[in-house]
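The structure under discussion appears below in the form of structure tokens.
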Amino acid sequence: MGGEIVKLVEKYGGKVADSYALALQASRNPEKKVIVESAVHFMAETIATLANDDQQVWITNPKAGCTMEMMAKDWMVLPVADELIAKYGDDLLVIAYMNTSGRIKAIAGQTGGAVCTSSNAPLVVDWARKQGKKILFVPDEHLGRNTAVKCGMDLSSVCTLGDPHTYGVTWKTADYETDSAEMICWGGYCGVHTIFTPQQVRWWKNKGWQVIIHPESKLEAVQAADGSGSTAYLWNTVMDAPSGSKFAVGTEGHFVRNLKEQAIIKGIDVMHLADAMVDNNDNNSGGCGCATMSRNDPPHLAGMLDLLRKGEAPDINRVIAGDVVNEQTAERQRLSGDERIEMIFNAKLALNRMIEITEAAS
Ligand code: SF4
């Protein structure tokens with residue numbers, strides 16, 4: 001998120017955190033009855049999925065979607081998952097990255113699978129492998145491959161399905177070699193994180209800078225870097241480093257700018273990885289911010305709080321588990337009562353499995 005909204009949230013006692021910690025905000029704070037979320041929709045929906053019945057979740061801008069999540073809407077994933085489940089039965093489970101809708105998390109729950117975040121993905125994949133399961137990993141092909149390598153999997157046993165685009169799947173599952181695959185990756189990706197290249201990494205390393213990168217980036221860039229991990233990993237690695245350290249950080253631009261601001265106070269230099277002068281990129285990359293996430297800004301937050309205070313908050317900002325949002329119009333397609341109860345049940349199974357796996361390892 002942009003630094004201005006982060007400062008505002010911190011100033012008024014709110015919570016700034018990664019997706020794992022945010023997911024637990026409603027359930028860990030049962031006395032809070034109204035929760036306003038200033039991030040992407042899947043994050044607000046996850047909070048709503050784990051919320052108690054007397055807690056409401058609102059989003060400051062209903063058009064704030066994640067383009068990776070938009071490449072794995074339920075109407076794209078379900079037919080493919082059904083085909084694979086029909087073929088492999090109980091041998092297959094779905095791991096849904098946090099960057100998915102509740103409906104996709106519910107598919108994970110139904111198949112005995114779990115949700116994961118970028119920090120606990122290796123733990124969740126190891127957990128699935130110990131059961132001898134074939135994994136359908138949704139939606140990020142890069143996090144899937146990076147996690148497979150981290151878990152010691154042979155890349156020849158990782159199959160990546162086609163690009164799902166945002167308008168729908170145009171390929172056939174039968175065209176992919178899924179029988180011999182231990183992990184089948186959905187072909188979604190994050191446009192912000194896939195700009196990083198090994199050439200950029202080497203450019204910084206040749207100048208004596210350390211390079212750390214988010215695992216939604218391409219495998220070649222991750223393997224060239226000094227380290228990779230979640231936003232919490234990136235933040236802590238920089239902030240725990242001795243004064244005089246220099247880091248090029250490969251992740252979302254607003255995050256890097258916030259980190260740079262804090263790190264310089266400790267005498268640590270931070271630059272955005274894509275600011276390397278390579279690939280004909282002789283100008284500045286501009287920081288590669290996530291445009292959709294940034295639709296949450298201080299005016300939207302202030303406006304939302306004011307409308308809630310007056311009892312006039314629009315329903316379009318109310319986040320209920322199971323909602324599918326059209327990020328162009330902000331319209332919501334809502335499940336009926338019974339459908340929602342079933343979806344929440346299954347999505348909670350997948351989320352709670354992730355929590356159990358993560359807490360057991362810590
Ligand atoms: S940076 Fe990428 S993964 Fe994160 S919210 Fe934006 S589009 Fe989604």
Excluding same-chain pairs closer than 8 in sequence, count the lysine pairs in region 137-272 whose Cα atoms lie under 14 Å apart. 5
Sites residue 291 and residue 239 - FRET efficiency at Förster radius 41 Å, r taken between beta-carbons, to 0.05: 0.95
Which whole-Hz ³J(HN,Hα) couplings does region 150-160 yield from phi under the Karplus relation 6.51 cos²θ - 1.76 cosθ + 1.60, θ = phi - 60°, glycine and proline marked x? 4, 8, x, 7, 6, 4, 5, 9, 10, 10, 10
Straight-distance crosslink candidates among aspartates and glutamates, where the alpha carbon sits under 20 Å from residue 32 and sequence neighbours closer than 8 are dropped: 10, 18, 45, 53, 54, 306, 312, 315
Listing 136, 234, 50 from the residue with the fewest other Cβ atoms within 10 Å to the one with the most, what is the order? 50, 234, 136
Using Cα springs under 10 Å in a Gaussian network model of the chain, which residue among 314, 62, 164 shows the largest mean-square fluctuation? 314
Amide H proximity to residue 136 below 5 Å, modelled H, separation 5+ or other chain, gives 93, 94, 95, 184
Quickly work out the residue 24-to-residue 154 label distance, labels modelled 7 Å from Cα along the C-beta direction, and quote it in nm with one decimal. 3.8
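All of the numbers you see were taken from the coordinates with simple rules; none came from a lab. Here the structure is a predicted model, which means the values were calculated and not measured. Quick reminder, even Gly has a Cβ in these numbers, built from the backbone with ideal geometry, and neighbours come from all protein chains shown.
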